[in-house]
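The values are calculated or read from the model by the stated rules, or taken from the named source; none is laboratory data. Because the structure is predicted, anything quoted here is derived from the model rather than measured. Cβ sites come from the backbone with ideal geometry, for glycine too, and all protein chains shown count toward neighbours. Surface areas here come from the heavy atoms of the whole protein model, side chains and all, with no ligands, DNA or RNA. Shrake-Rupley method; radii C 1.70, N 1.55, O 1.52, S 1.80 Å.
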Amino acid sequence: MAKVRVYDLAKELGTTSKKLIEVMEGMNIAVKNHMSTLDEEQAQQVIAILTGQAETEKMQAKEEEPAAVEKKTPQPAPAKKRERKDKGRPRAKGAEPGRKARKASEERRRSTDKAKRPQLKLEGEVTVAELAAHLDVPPAQLITQLLDLGIVANINQVLSPDAIELIASEYDVEVKHVADPAEEELLAGEEEPDQKRVPRVPVVTVLGHVDHGKTSLLDAIRNANVTAGEVGGITQHIGAYQVEAKGKKIVFLDTPGHEAFTAMRARGAQITDIAILVVAADDGVMPQTVEAINHAKAAEVPIIVAVNKIDKPTANPDRVKQQLSEHGLIPEEWGGDTICVHVSALKGEGLEELLEMILLVAEMSELHANPDKAATGTVIEAKLDRGRGPVATVLVQDGTLRVGDPIICATISGKVRAMMNDKGERIKEAGPSTPVEILGLNDVPMAGDRFQVVSDDRLARQVAEKRFLKIKEATQKSQRITLDDLFKQIQQGEVRELNLIIKGDVQGSVEALQEALLKLSLEEVKIKVIHAGVGSINESDVMLASASNAIIIGFNVRPDSNARKLSEQDRVDIRLYRIIYEAIDDIKAAVAGLLKPEFKENVLGQAQVRQVFKASKLGNIAGCYVTEGKITRNALMRLIRDGVVVHEGRIASLKRFKDDAREVLSGFECGILLDNFNDIHEGDIIEAYVMEQVVR
């Protein structure tokens with residue numbers, strides 16, 4: 001007997017899979033999702049109902065329905081609908097307690113006499129740090145309570161009115177929102193009737209383990225969609241691009257894996273509609289694959305699995321599916337609801353089917369936006385360009401962005417001076433789900449920041465300035481833990497537990513340092529290592545430290561430039577060591593309040609080695625490009641390779657072309673000869689710094 005899939009039948013009948021499933025539920029035909037199969041008899045019944053050929057059968061079915069309900073005891077229809085809505089969107093951890101907590105908070109609010117409760121006056125948008133300062137509690141405590149309520153939040157994230165109400169009820173205070181005229185004007189006119197909302201293009205992020213073919217898959221999809229008229233294909237990389245499949249568009253975010261995905265989620269940005277999980281058919285599920293699954297689940301994003309490298313002789317897709325099942329992703333052919341597509345990025349196989357599945361999941365998700373309103377969206381990535389100033393790649397999520405629009409982006413304002421699409425072409429306007437590069441902001445925003453078009457420049461500047469002052473004030477109020485003031489905080493009873501994040505050059509060093517620190521028997525404070533790993537200190541480490549009020553200890557590794565900037569902004573204490581016992585002694589001394597005056601490191605700048613020149617008399621000369629700050633002739637330097645410090649010393653010679661130079665600024669090239677060191681590779685980073693004594 002011939003079988004047919006739900007989505008194929010929906011296509012034939014000219015309807016959507018979602019509507020077809022609803023019809024079948026009314027007919028007591030059990031289907032799980034759009035990929036479920038129907039036998040010939042069921043398919044004929046559905047066709048008869050939808051084409052109006054079975055009025056008699058329909059009447060009989062209605063008469064028999066009560067009896068059928070009595071005999072069967074499955075889940076009621078509403079539960080089925082709820083189950084279908086959640087397919088592919090696993091609940092975030094803590095979502096269930098969140099609903100219970102909301103109910104309990106609601107009951108407490110009704111039962112408490114508001115007149116007797118202290119009043120908390122809040123103005124405009126409120127971040128976690130600001131609310132913590134108002135309630136006089138550590139931000140880390142507030143973040144933990146929000147997690148218990150099913151809300152994932154970062155210290156700088158703006159809280160919704162509902163979240164504020166829930167937290168206020170926990171502290172038994174009444175919240176009163178004081179209208180800020182500028183913010184009120186900014187948010188005015190956001191409501192629009194549903195009929196103005198139209199279907200929009202899905203936004204897809206590709207996740208997976210390193211070397212499993214994420215980049216190859218994106219390149220294969222992109223190259224397959226480059227038309228013959230486009231000379232050289234994609235001319236400009238802006239971190240996102242559009243492709244076309246079956247006459248419909250799909251936006252792919254070309255982010256560097258799940259770290260960027262997490263960074264944006266930590267800042268409250270929910271921009272991805274679908275996650276493609278790339279798993280190599282020969283390697284199977286790896287640690288980063290599991291991490292990617294957890295991030296996608298926490299974001300409640302539907303997951304489509306692309307089993308890559310299927311052309312390899314060692315490919316074992318069944319083993320991959322078995323491993324995925326162990327992590328809650330059960331393939332459809334095994335009775336689950338996870339779509340698995342076999343692909344080969346190298347040979348271009350399975351790409352068409354993958355794009356078709358993306359469009360299918362997007363159709364089920366019913367994505368809509370209103371192109372007629374003022375644009376809102378999210379920053380994907382941003383940089384400071386020497387010639388063009390601050391450049392931001394943004395994704396327009398609602399409304400239409402036009403050249404000349406005044407714009408506000410968190411604490412930054414500006415006016416859209418120019419706009420480029422993913423092909424590097426200048427465009428005048430961009431509708432919903434369009435990635436564009438914009439010029440005209442007065443500073444560089446952070447990935448994950450929300451942007452909004454406003455009525456005029458004055459309003460944008462006014463609101464941006466007010467937000468900046470509020471965040472600055474809240475950050476000053478919030479107490480950050482550092483080794484310098486650890487003794488003081490212990491004495492005041494503020495710290496009973498010292499959270500540490502340890503990063504090292506090799507696993508052995510990390511384990512040795514972790515073991516040595518955990519063995520410290522300190523009466524005043526308990527040491528807790530919340531994360532330990534190998535590699536350079538990155539943004540994710542700083543965000544974790546910020547959220548959990550932790551100190552980062554780096555052994556033989558350095559923070560990358562983004563992590564360093566974020567640590568300065570969030571005031572996260574990063575301590576760097578080359579000897580294990582120095583780290584142990586510092587923590588002992590900090591607890592006892594006996595830390596000596598320290599030499600604080602001030603990083604002047606970084607240069608990337610682009611080429612190595614061999615000079616017989618001098619040694620190896622590094623041809624460099626200064627990426628940030630400046631490199632000075634008399635500064636101390638360190639050579640960093642893959643985030644690990646390879647050498648520390650001094651610069652023997654610094655040249656611009658053939659002339660000696662005292663300093664070379666960002667954006668310029670230079671030649672650097674290191675003092676008594678020749679093991680220089682292309683891609684190495686030379687970091688210049690000075691040591692300044694700071695009295696504690």
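In table form, for the structure just shown:
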quantity: Condition check for residue 383: under 21 Å from the mean Cα position of the chain (by Cα) and either closer than 21 Å to residue 462 by Cβ or modelled with pLDDT under 90 (or both); calculated: yes
quantity: Set 220, 306, 315: member being more than 30 Å from residue 547 (Cα to Cα), part of a helix (DSSP H, G or I) and at pLDDT 70 or above; calculated: 220
quantity: Residue ID - surrounded by the most Cβ atoms within 10 Å (Cβ to Cβ), chosen from residues in the range 627-642 that are in a strand (DSSP E or B) and aliphatic (A, V, I, L, M); calculated: 631
quantity: Close pairs (7 angstrom Cβ cut-off, 6 or more residues apart or separate chains): open to solvent by less than 20 Å² (accessible area, probe 1.4 Å) in the range 359-382, part of a helix (DSSP H, G or I) and modelled with pLDDT under 90 anywhere; calculated: 360/7; 370/196
quantity: Matching residues in the range 383-406 - criterion: being buried (at least 18 other Cβ atoms within 10 Å of the Cβ) and part of a strand (DSSP E or B); calculated: 390, 391, 392, 393, 394, 395, 396, 397, 398, 400, 401, 406
quantity: For residue 533: the one exception among (1) outside any strand (DSSP E or B); (2) surrounded by fewer than 17 Cβ atoms within 10 Å (Cβ to Cβ); (3) among the small types (Gly, Ala, Ser); calculated: (1)
quantity: Residues that are touching a Leu at 6+ places or on another chain (Cβ under 9 Å) and either at pLDDT below 75 or open to solvent by less than 60 Å² (accessible area, probe 1.4 Å) (or both), drawn from the range 181-199; calculated: 182, 185, 186
quantity: Helices (runs of 4 or more DSSP H) fully within the range 1-60 counting 2 or more residues that are open to solvent by 50 Å² or more (accessible area, probe 1.4 Å) and modelled with pLDDT of 80 or more; calculated: 40-50
quantity: Residue match in the range 428-448 (condition: open to solvent by 10 Å² or more (accessible area, probe 1.4 Å), under 25 Å from residue 198 (Cα atoms) and without any contact (Cβ under 8 Å) to a residue 40 or more places away in the chain); calculated: yes
quantity: Test: residue in the range 407-417 that is of a type in the set (Ser, Thr, Tyr), more than 30 Å from residue 6 (Cβ to Cβ) and surrounded by fewer than 17 Cβ atoms within 10 Å (Cβ to Cβ); calculated: no
quantity: Selection within the range 655-692 - under 15 Å from residue 604 (Cα atoms) and open to solvent by less than 70 Å² (accessible area, probe 1.4 Å); calculated: 664, 666, 667, 685, 686, 687, 688, 689, 690
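So that you can scan it fast, the table gives a plain yes or no per residue for (1) at pLDDT 85 or above; (2) over 21 Å from the mean Cα position of the chain (by Cα); (3) open to solvent by 40 Å² or more (accessible area, probe 1.4 Å):
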position: 521; (1), (2), (3): no, yes, yes
position: 524; (1), (2), (3): no, yes, yes
position: 539; (1), (2), (3): no, no, yes
position: 553; (1), (2), (3): yes, yes, no
position: 566; (1), (2), (3): no, no, no
position: 570; (1), (2), (3): no, no, no
